[in-house]
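The values are calculated or read from the model by the stated rules, or taken from the named source; none is laboratory data. These numbers were taken from a predicted model, which means no experiment stands behind them. Every residue, glycine among them, receives a Cβ derived from its backbone with ideal geometry; neighbour counts consider all protein chains shown.
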Protein chains: 2
Amino acid sequence: MNKRVTIKDIAKALDVSISTVSRALKDSPEISPKTRELIKKTAKDMKYHPNPIAVALKTSKSHTIGVIVPKIVNTFYAGVVEGIEEIADKHGYQVFVSSTNEDYQKEVKHVNAFINSRADGVILSLSRGTTVLDHIQHLQDLEIPTVLFDRTTKNLKIPRVVTDDAKAAYKAVMHLINGGAKNIAMLSGPKHLLIGRNRTRGYQEALEKAGLTFNPDLVIHSDFTIDNAQKATKSLLENEDVDAIFCLNDDLAVGAIYAAKELGLNVPEDVAVVGFYNSKRSHYMNPSISTVDLNPHELGVLAAGLLFEHITSGEVDNEKEIVVPSNLIIRESSKR
Amino acid sequence: MNKRVTIKDIAKALDVSISTVSRALKDSPEISPKTRELIKKTAKDMKYHPNPIAVALKTSKSHTIGVIVPKIVNTFYAGVVEGIEEIADKHGYQVFVSSTNEDYQKEVKHVNAFINSRADGVILSLSRGTTVLDHIQHLQDLEIPTVLFDRTTKNLKIPRVVTDDAKAAYKAVMHLINGGAKNIAMLSGPKHLLIGRNRTRGYQEALEKAGLTFNPDLVIHSDFTIDNAQKATKSLLENEDVDAIFCLNDDLAVGAIYAAKELGLNVPEDVAVVGFYNSKRSHYMNPSISTVDLNPHELGVLAAGLLFEHITSGEVDNEKEIVVPSNLIIRESSKR
DNA sequence: CTGAAAGCGCTAACAT
DNA sequence: ATGTTAGCGCTTTCAG
């Protein structure tokens, strides 16, 4: 029952050699059309399915690519994965996804797992705690095509694809300004994260463009929990005169809204809030928050495209950085 | 450069046979402690990493399990995957996830991919369009341990783990009743889905328990798009006297809320809405909707547990159905 | 055009 | 306690 048919079986059935079968199955021109068709037909009849493990062992090509994300429950990453799968599918590759849960140890472990399982390529977004990059270096040393996305690093020469955070932030803040906001705070994340720095840049640029002065006191940092965002926003609102808050991400925006409510303020009438969301639904759920789309699916498509370019041509441009031409959509709903 | 060290290399380096190395590496008691340690040490020094592909080819065990979900961007499924990974990790297994995007063709394809790649087990939730079950049958014929979860079927003898939809629905509706609702409608999905039938049962039971009469006209069906849910709800609210709506899932709830607003009704003051949500955030986003938690993580843990039981013991109970003891939490926020 | 044979890296009888 | 050998299923020279 569990016995699978192999090329050997079909060779025996047809009384030819296994190499003939092997060749016929892959359309080798060396085989006469007649026998080739015969072999293919019987292969189908016998329900032959090639054993990819044997092929992988022989060829050192597994036809799989590994994807490592910090958190698969985050719809942003899930969207990226969908984009990757779409492209991989076209190339006849399987995608294997693993999630580190923001754990550096796990990230290293998953990288090693993909190295061991002979993945033909790896697409990865760095976990929050990742500072040592030996495992990425390891991939490069082994000449395994690799592309970083979203949470990348400048400390390594490696292809990367990122969202245009500064420009997205710029647009979001400009949106608030156009709505009439004058004192715009920014609720940011942990200081060392690149994403925060990039979006802060966009925030600053928008202010400058509008002739508003940048006040460092209005940029507050929090970790990414809703509770702490709420606390941070509360003390901000108590101490500063603020009529709008630009939030680094959706959790922070939720925290900000709760803080505003806690203080008896209305959103968006008293305080406008802008956040970055990954799915339409977030907006539907609470239309008082305007949102900016980052187009994760497109990011995945581009990252996978880059990877397969490397895999198929064998050539890499380690300096390459693709900035996702995100079709940023500001979902208007606040009065500002 | 790309050359990996094999047991052969270390055998040569130590001038022993490869089988000695193989045995030593897996702590075979047949090898003298002295040589065993020596071999292990040099293996480490030479940075030896076993090639799982060769092992898989030899042993027909890949130490991987495949997970197939309808939509990885859905946080419910992402949560389930997290739970599965947690358990698989403990067993030293890799988890490979693929998403069908609710496409039956893709589901079949992914199943075949896992069969081909010799996955040691498969955990899967049926896509919406799936009615033919040959591919699942195929897994069983090949004696590949399989467990179904969430969207399962009664048409096959196979272990399954499901959420207690009826009870969850019962609680949600009871919650509305306790809040004072008298005319409770149900916004359901496509008629053929089991999930709808189960939750409808809970809905009915709650009504009966409270001495309210069940009115079939108040159960409306929609597909799962927000837009159609909104339309369906609108015509419901226009034609029937309803003071609360129990929604089959979060998208439907969103549609319902929009319909209410469209008609100038307030939620929850005029119409209370209850939905099922997968993450806390949904609730945070719009506290006017009460929610019920389905605990996807626990579902994943249980499904994986069941699978590994089968994998390790080799025995299955195809009648087994685990109902996830979801810690159902009704997040109070509406006045009712 | 087709076959024989070697070997990918590893495991597991079967020797010794 | 260790070595020898025969594969797992497939690809790929090298010979006809």
*Please enumerate the residues belonging to the range A:51-65 that are part of a helix (DSSP H, G or I) and not charged (D, E, K, R).*
A:PRO52, A:ILE53, A:ALA54, A:VAL55, A:ALA56, A:LEU57, A:THR59
_Residue check, A:LYS8 under 26 Å from B:ALA56 (Cβ atoms), within 8 Å of DNA strand D (Cβ to nearest atom) and either part of a helix (DSSP H, G or I) or modelled with pLDDT under 90 (or both)_ = yes
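Look through A:ALA24, A:ALA43 and report the one residue that is more than 14 Å from the chain's Cα centre (by Cα), within 9 Å of DNA strand C (Cβ to nearest atom) and surrounded by 15 or more Cβ atoms within 10 Å (Cβ to Cβ). Explain how you work it out, then say what you get.
Values: A:ALA43 fails: within 9 Å of DNA strand C (Cβ to nearest atom).
So the residue among A:ALA24, A:ALA43 that is more than 14 Å from the chain's Cα centre (by Cα), within 9 Å of DNA strand C (Cβ to nearest atom) and surrounded by 15 or more Cβ atoms within 10 Å (Cβ to Cβ) is A:ALA24.
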*Which one of A:ARG128, A:ARG118 is in contact (Cβ under 8 Å) with a residue 60 or more places away in the chain, assigned to a loop (DSSP other than H, G, I, E, B) and within 16 Å of DNA strand D (Cβ to nearest atom)?*
A:ARG118
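For the range A:73-95, state whether one or more residues are within 11 Å of DNA strand D (Cβ to nearest atom) and part of a helix (DSSP H, G or I).
To start, the set of residues in the range A:73-95 that are within 11 Å of DNA strand D (Cβ to nearest atom) comprises none.
No: the range A:73-95 contains no residue that is within 11 Å of DNA strand D (Cβ to nearest atom) and part of a helix (DSSP H, G or I).
Taking the range A:148-171, which residues are under 14 Å from A:GLY196 (Cα atoms) and either of a type outside the set (Lys, Arg) or not in a loop (DSSP other than H, G, I, E, B) (or both)? Outline the logic, then answer.
Step one: list which residues in the range A:148-171 are under 14 Å from A:GLY196 (Cα atoms), which gives A:150-153, A:162-170.
Passing the criteria: A:ASP150, A:THR152, A:THR153, A:VAL162, A:THR163, A:ASP164, A:ASP165, A:ALA166, A:LYS167, A:ALA168, A:ALA169, A:TYR170.
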_If I ask for residues that are touching a residue at least 12 places away in the same chain (Cβ under 8 Å) and either exposed (fewer than 13 other Cβ atoms within 10 Å of the Cβ) or in contact with a helix residue (DSSP H, G or I) (Cβ under 6 Å, 6 or more places away or on another chain) (or both), which ones from the range A:28-40 would you list?_
A:ARG36, A:ILE39
_Any hit, the range A:211-226, residues being assigned to a helix (DSSP H, G or I), in contact with an Asp or Glu (Cβ under 7 Å, 6 or more places away or on another chain) and within 25 Å of A:LYS154 (Cα to Cα)_ = no
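May I ask you to list the residues in the range B:141-155 that are at pLDDT 90 or above and either surrounded by fewer than 19 Cβ atoms within 10 Å (Cβ to Cβ) or at negative phi (or both)?
Initially, the range B:141-155 is screened for residues at pLDDT 90 or above, giving B:144-150.
The answer is B:ILE144, B:PRO145, B:THR146, B:VAL147, B:LEU148, B:PHE149.
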*Is the range A:30-44 home to any residue that is closer than 28 Å to A:THR130 by Cα and part of a helix (DSSP H, G or I)?*
no
*Within the range B:94-113, track down each residue that is crowded, with 22+ Cβ neighbours inside 10 Å and not small (Gly, Ala, Ser).*
B:GLN94, B:VAL95, B:PHE96, B:VAL97, B:THR100, B:GLU107, B:HIS110, B:VAL111
*Within the range A:68-81, is there a residue that is among the hydroxyl-bearing types (Ser, Thr, Tyr) and within 39 Å of the chain's Cα centre (by Cα)?*
yes
*Positions within the range B:81-93 being more than 18 Å from A:ASN116 (Cα to Cα) and within 10 Å of another protein chain (Cβ to nearest Cβ), in sequence order*: B:VAL81, B:GLU82, B:GLU85, B:GLU86
